[in-house]
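Here, each number is a calculation from the coordinates, and none is a lab measurement. These figures come from a predicted structure and were not determined experimentally. Cβ atoms come from the backbone with ideal geometry, glycine included; neighbour counts cover every protein chain shown.
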Amino acid sequence: MGPPASSVETLKRMYLVHAHLELPAGAHLPPGVRGLVRSAIVDGDRVEHVAVHPRSASRLTLGFYLLADGLEEAEERAVRVCGRLVGAVPQLAAARLTGAEVPLVPLAFEAHPVD
């Protein structure tokens, strides 16, 4: 037996959204960037976890695991968090968001066509 009907409406799905930030040429990611990113997240963002992946001295990918009603809402939440991040964290004020999307990952159990 599943949850009561009233609680089904409040259930959310978890999504992974990759957000890509880039600093201007010659700029470098600040030390402690993980802590800076985490400090910009608030409860209302519904972010359950964030992974921080520096890609180069000036490029960063953030993996937001967040709760949302759908894919579009999840991506919008990640964009909103990144907007707050570059607006509120002086060390990242020059960064620009170059994309935010749910990564497409092939299903491991997906059937493969037979020749």
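Numbers for the structure displayed
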item: Histogram of C-alpha separations across segment 16-108, 10 Å bin width, %; result: 17, 53, 25, 5, 0
item: Amide H within-cut-off set for L29, under 5 Å, with H built and near neighbours excluded; result: S58
item: Label-to-label distance, nm, for residues given as L104 and Y65 (7 Å Cα→Cβ offset); result: 2.4
